[in-house]
Structures are given as structure tokens and as C-alpha cells.
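Engineer: Would you mind keeping the following structure in view while I ask a few things?
We did not get these values from a lab; they are worked out from the coordinates using the rules stated. Just so you know, these numbers come straight off a predicted model, no measurement behind them. Positions of Cβ are backbone-derived with ideal geometry, glycine not excepted, and every protein chain shown enters the neighbour counts.
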Ligand SMILES: *Cc1c(COP(=O)(O)O)cnc(C)c1O
């Protein structure tokens, strides 16, 4: 089927245009230049064909949150010019795999994971750009006693006081490059307040780690609040691809 006959391409094209307009308005409101903000389109749960359609429409940055799906898409798109962003919570035993295809890992939140990714990158003969994921939750790990102590609604991330340790470990790793901080706004909190805490933390981290210039924050529902607080990378799924059928 040629592209002009593909209704999904037209849908994606329209939604990308709307996204560009949203980012443009948010940048205007914040007195920033839209060229400072990169939109990563998050293709999780959507098929390889959608990833290819997005690239045909000029998208260069794609995000995934599960190793298995990410690996399959990266392999199927290896003929295309794509930067792959791994944005999901990451277990150490997946580090070798992620290191083979990811260009950026946004979810680096502990020193043990830094070491596993460095080993993986070395084995793969690659260099990985790393964001340190920060937890903006105000309650410790979102532990909810009513759920038997199981973490509820916790989206990963280092507590702010541990962020410098993770940054230092990345800086000391031969095959990793520290590029910035990443966060997800906590459920139920005003995202502007959460991202303004993130902006403060970013400012203080930059004093010791001036190379950590990037800020990955903002999704379909809260990218304006993130851009107002200095986001350089927004991670947008449903606003481009449509509502996912299940959350993960
Ligand atoms: C799924 C996901 C996104 C995109 O979410 P949307 O609300 O669909 O834009 C962004 N960041 C992370 C970490 C995600 O897991």
C-alpha cells in the first residue's frame, strides 16, 4: 500500500502537527525556542508499522519501555535513521540487551544498574547516553500499607539525595555518557509543582555535573508544565498514536 492510501499515516501526520503546535505554544509561553525541545514519540504497545510510519513522517526519536518490544522494533527498523530511547524501568539482567540497541537510557536510577549498563555497552562496543531518573514522589517509594507494603504507583527513579551518586557513577563509566535528568510527574500531584522541584534539582546537579544539560520530562498530559520548567525532551505516546488499550 502506498503512503497516500494509508489512512493511519494521515492520522499520525495530523497528530504530529497538533503536537508541534502544542510544543510551539508552550515554548512561546515560556519564552523558549521550540528548537530546544525534542519530541520523543513513545511507540510502546503499537506495531512496528507505526514506528516505520512515524519515521516516514520525519520523526527521528522513538521511545519504548520494555526490552523485548524495544529490541524487536529496533531490529525491524535497523534500515532507518532512528535514535532509540529506552524509557522504562530496567532490571539489571536486561542491561546487556538494552545496551545493544538503545542510544539513550532515561531510567538509570541506581549505581548497580550503571555498572550493568557499562558492562553491556562495553560488550556491545557501544556508547550509551544516560539520563538519571529522579523520583518526584513525596512519600517514600509510594509504599501503601493498605496494599500490604507493596509499592503502589511508584514509577522508579532515584530519591533526589542519591542523584549525585548515580551521576558520579555514570561519569566514571567508560562506556556511558551522562546527559541529564529524567522524571515522571507523580500521579495525583499538580505536574507544574512536581516539575518545578525537578528544575531546582537540575540546577543544583548542574553545578557538579555541568554535562547533564538535558531534562527529559513531560508526557501527553503534562508537556506544557514540563516545557515551562525547562524540559529539553518530552516523551509523547497517546497524543500521537492514540489511547493505548492497556497501561504498562
Ligand atoms: C508511556 C510513557 C510515556 C508516554 O505516555 P503518554 O501519556 O502516552 O504520552 C512517557 N514516559 C514514560 C516513562 C512512559 O512509560
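Engineer: Assuming a ≥ b ≥ c are the square roots of the Cα gyration tensor eigenvalues, decide whether region 204-246 counts as rounded (a/c under 1.5), prolate (otherwise, with a/b larger than b/c) or oblate.
Structural biologist: Since a/c reaches 1.5 and a/b is larger than b/c, the shape of region 204-246 is classed as prolate.
Engineer: How high is the FRET efficiency between residue 168 and residue 11 when r is their beta carbon distance and R₀ equals 35 Å, given to the nearest 0.05?
Structural biologist: Efficiency, rounded to the nearest 0.05: 0.20.
Engineer: Given a Förster radius of 25 Å and the C-beta distance between residue 25 and residue 56 as r, what FRET efficiency does 1/(1 + (r/R0)^6) yield to the nearest 0.05?
Structural biologist: Calculated transfer efficiency: 0.45.
Engineer: Show me the ranking of peptides 28-39, 173-184 by mean Cβ neighbours inside 10 Å, starting with the highest.
Structural biologist: Result, highest mean first: 173-184, 28-39.
Engineer: If R0 is 35 Å, what FRET efficiency do you get for residue 243 and residue 79 from their C-beta distance, rounded to 0.05?
Structural biologist: 0.75
Engineer: Continuing with the same structure: Give the average over all directions of the projected area of the C-alpha convex hull of region 163-222, one decimal, in nm².
Structural biologist: The number I arrive at for region 163-222 is 4.5 nm².
Engineer: I need to check one value: relative contact order of region 44-131, counting alpha carbon pairs closer than 8 Å and at least 6 residues apart, in percent.
Structural biologist: 25
Engineer: What is the diffusion coefficient of region 53-131 in µm²/s, taking the Kirkwood radius over Cα pairs and the Stokes-Einstein relation at 10 °C with a viscosity of 1.306 mPa s?
Structural biologist: Translational D for this selection: 127 µm²/s.
Engineer: Test of understanding: ordering 162, 195 by Cβ neighbours within 10 Å, fewest first, what list do you get?
Structural biologist: Fewest-to-most ranking of 162, 195: 162, 195.
Engineer: Let a ≥ b ≥ c be the square roots of the eigenvalues of the Cα gyration tensor of region 1-101; is it rounded (a/c under 1.5), or, if not, prolate (a/b larger than b/c) or oblate?
Structural biologist: It is oblate, given that a/c is not under 1.5 and a/b is not larger than b/c.
Engineer: Whole number please: convex hull volume per residue, Cα atoms of the chain, in Å³.
Structural biologist: 128
Engineer: As a footprinting exposure proxy, order 81, 61 by other Cβ within 10 Å, with the fewest listed first.
Structural biologist: Fewest-to-most Cβ neighbours within 10 Å comes out as 81, 61.
Engineer: Relative contact order for the chain: what is it in percent, counting Cα pairs under 8 Å that are at least 6 residues apart?
Structural biologist: 20
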